[in-house]
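The next block holds one structure in the form of structure tokens; read it before the comments.
Computed from the coordinates by the stated procedures, all read-outs in this text should not be read as laboratory data. These figures come from a predicted structure and were not determined experimentally. Glycine gets a Cβ as well: all are built from the backbone with ideal geometry, and neighbour counts include every protein chain shown.
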Amino acid sequence: MANIASAQKQNRKMIKNRARNRAAMGTLRTAVKKARIAVDAKSDDSAKLIKAAVAIVDKAVTKGILKRNTASRYISRLVTRVPPAVTV
């Protein structure tokens, strides 16, 4: 346990930030998983789900939860799953 006031404050901040980051990553993983399942099932709304997943990934980058290259990799892998006839 931290004894110094600034260290105690940092611990409180860390707990809040960790909760926020975990919630955002859960949302991100769920969106990516739904998009992958829709593409694999050749669903009609797969393009819509991919677009939503890409938006969530981009939002995670702006919040500092994901690095830019990691987000680019997620997006690239999602978009390459889409058949060429479908536009995202």
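Exactly one residue among Ala2, Ala47, Ala38, Ala53 is in contact (Cβ under 8 Å) with a residue 24 or more places away in the chain, of a type in the set (Gly, Ala, Ser) and in contact with a helix residue (DSSP H, G or I) (Cβ under 7 Å, 6 or more places away or on another chain), and that residue is Ala53. Taken over region 58-80, the residue count meeting the criterion of being surrounded by 13 or more Cβ atoms within 10 Å (Cβ to Cβ), closer than 19 Å to Asn17 by Cβ and of a type in the set (Val, Ile, Thr) is 3.
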